[in-house]
Structure formats: structure tokens, C-alpha cells
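Working notes, beginning with the structure itself.
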Amino acid sequence: MPELPEVETVRTHLAPYVVGKRIVQVEVNAPNVLKNTTVPGFRNRVVGKRIEGLVRRGKYLQFLLSGEQAVLVHLRMTGKLLYRPALQEEPRARLRLHLQKGLLVYEDVRTFGGFWLVPKTGPTGVPGYDTLGPDAAGEAFTAAYLRQCLAGKKRMIKALLLDQHVVAGLGNIYVDEALFAAHIRPDRQAATISRTEVGKLHAAIGRVLAQGLAHGGTTIRDFVDSNGREGTNQSFLQVYGREGMPCPHCGTRLVYTKVSGRGTRYCPHCQRKRRRTQHV
DNA sequence: GGGAGCCTGCTG
DNA sequence: CAGCAGGCTCCC
């Protein structure tokens, strides 16, 4: 479900309610959400700890606990982190952290997401996490860095942008939106994208992420913030979910196809294929 | 590269 | 009923 703007929305909304509070009880209804611990192991290391911070890296959230450890969370497709001020019936909760005051609830229909217990510093051993690229919303993600990543690469640009080792936080929606804004076809070979185009692409990524964040994230079907509220960015999308509708720039019918296994929308006119001989 | 697999639920 | 879904890993 969530990409960088959605995860960041959850973080900013959730932090004021949980940071500073002590975890008094752990309730696990679906043990498979614990990816690298057992229920007793998780409980032993988490109960009694205080949540000292909530940070995001790419699409991961990390609850920093008092002591040496942190709880790493990835929502994958349908994970939700919700704050409840008081105990209530919670038939869909996969896991609940009872706090001094209130509860942190984890829901996840498809149970792709989950929790890892990790050291606050040093390698975590979590597949994918230690090798994340620079955060897409961070200062280290520059146009020059992006240019280096594309140079000489035969991969399709969409596959490369979805690769969290290259840049962390982009997903299917925002990649399609950024490529449309930069007038680049999703299946272009990365190496064929010109220096000027890379500059436009980098700027477009910044814009679409900022717009998503400003609208509290994109809700197509599942996404809600920690208060259960949906985002509004879906109303501002230019191509994602709009196949068959006219391109907002030129009126050509937007196309749906598969690129690197993912549903992909683009404008066949604004995002024309370029000659293979262009260079970075 | 591409594909299967992890899961459940919704849409056509 | 098949196909699709804001993700990611593993395995050719």
C-alpha cells in the first residue's frame, strides 16, 4: 500500500501519540508478523521499554526503544499502523502494543508486512534494509547521484527507480507519476536517458513526493494514516489508475501495460520512445 | 531480465 | 471465474 509519502504521513501523525510512552503489554494475534523473533522473544525485549523516537528510512519505520534495540516495521501492501486512545474490540488486529496510555495497533489483511527486532546501530541483518539506497526525500539523493546510477545501465528506468537499493521510498504510483512528469517512457533503457532528462526526472520525483505528502498520501483502496483517515492525493494523480482516460497534457488515451512485472500507466505521446543512441 | 510466491479481497 | 492490487525476496 504505502510508498514514501504514505509512510511519512503515518510517521508524523503517529509520533506525537507514541513517542515518550512505555510499552506495558504486547499482544500478538498473528505470530507470522514477527519476522525475526518468537512471540516470547519479542515480548521479553519490548515490554517495559519506552518508545524514544520514530524514524523513517525509505518505506521502513523504526520505533527506537529505550536501551539498545528498535522495532523495525514494513507495511508492504496492506499494513496499517493505528493509534487507539482506549481499548476497543479489534477483530482485525494482527498485533497490539498496549502503551501507558492508548494502544498501537497493527492491521494487515494480506500479512505481507511485519516487524523485526533490530539493534539501533550497526547492521540489522534484515534482508534489504542494510543495503537501502539514499532516501528519495533526503539530501543525498541528488541529480548527480541519479545520473551515476543510470550510467551504462541496460535496465528499464522504471525497474531501476523501483529498486530500493538505488533509491529508497519510491513505489509503483510515484514512479509512474514522476516518469510522466519528466516525459520519459517507463520502459526506456536507463543508459539512454540524457543528462537533461535525468535532471528533469530528479526534479519530478521531488515534486510528486512533496505533492503526495502535502495531501496526506494517496488512498486507492487501503491506505489510512494512524487516525484511520484516508489521503487525498489520488485526486491529483496524472496517470496512475487513469488508463483509457485522456492525457492531461495532450489528450491522447493513457495506456496500461506491464513493465518489470508491475501495472504501468503512461502517455504514449508525451512519453515517446527515444533513439537508443542518446547518452548521459 | 522474467516469473513464482507470499496472502486476502475486490472488480469485471 | 480470472485478474488485479501503494511490495519485496528468492530462484532461475
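The values are calculated or read from the model by the stated rules, or taken from the named source; none is laboratory data. Keep in mind that what you see is a predicted model, and the values were worked out from it rather than measured. Methodologically, a virtual Cβ is constructed for each residue, glycine included, from the backbone with ideal geometry; neighbour enumeration extends over all protein chains shown. Only protein heavy atoms, including side chains, enter the accessible area calculation; ligands, DNA and RNA are left aside. Shrake-Rupley method; radii C 1.70, N 1.55, O 1.52, S 1.80 Å.
Of note:
- Residue A:133 within 13 Å of DNA strand C (Cβ to nearest atom) and at pLDDT below 95: no
- Some residue of the range A:152-174 being more than 22 Å from residue A:270 (Cα to Cα) and polar (S, T, N, Q): yes
To keep it simple, each residue is scored yes or no on (1) open to solvent by 40 Å² or more (accessible area, probe 1.4 Å); (2) within 14 Å of DNA strand B (Cβ to nearest atom); (3) farther than 14 Å from residue A:157 by Cβ; (4) assigned to a helix (DSSP H, G or I).
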residue: A:176; (1), (2), (3), (4): no, no, no, yes
residue: A:203; (1), (2), (3), (4): yes, no, yes, yes
residue: A:217; (1), (2), (3), (4): no, no, yes, no
residue: A:251; (1), (2), (3), (4): yes, no, yes, no
residue: A:273; (1), (2), (3), (4): yes, no, no, no
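- Residue within the range A:143-163 that is under 23 Å from residue A:60 (Cα atoms), assigned by TED's automatic domain parsing to the domain that holds residue A:248 and assigned to a loop (DSSP other than H, G, I, E, B) present: yes
- Taken as a whole, the condition of being within 18 Å of residue A:13 (Cβ to Cβ), away from DNA strand C (no atom under 15 Å from the Cβ) and either open to solvent by less than 30 Å² (accessible area, probe 1.4 Å) or outside the structural domain of residue A:212 (by TED's automatic domain parsing) (or both) applies to residue A:84.
- Every residue from the range A:1-40 that is part of a helix (DSSP H, G or I), open to solvent by 40 Å² or more (accessible area, probe 1.4 Å) and within 23 Å of residue A:169 (Cα to Cα): A:11, A:12, A:13, A:16
- Against the list (1) closer than 20 Å to residue A:172 by Cα; (2) away from DNA strand C (no atom under 14 Å from the Cβ); (3) not small (Gly, Ala, Ser), the condition residue A:119 fails is (1).
- Any hit, the range A:142-154, residues being within 12 Å of DNA strand C (Cβ to nearest atom), open to solvent by 10 Å² or more (accessible area, probe 1.4 Å) and out of contact with any Ser or Thr (no Cβ under 8 Å at 6 or more places or on another chain): no
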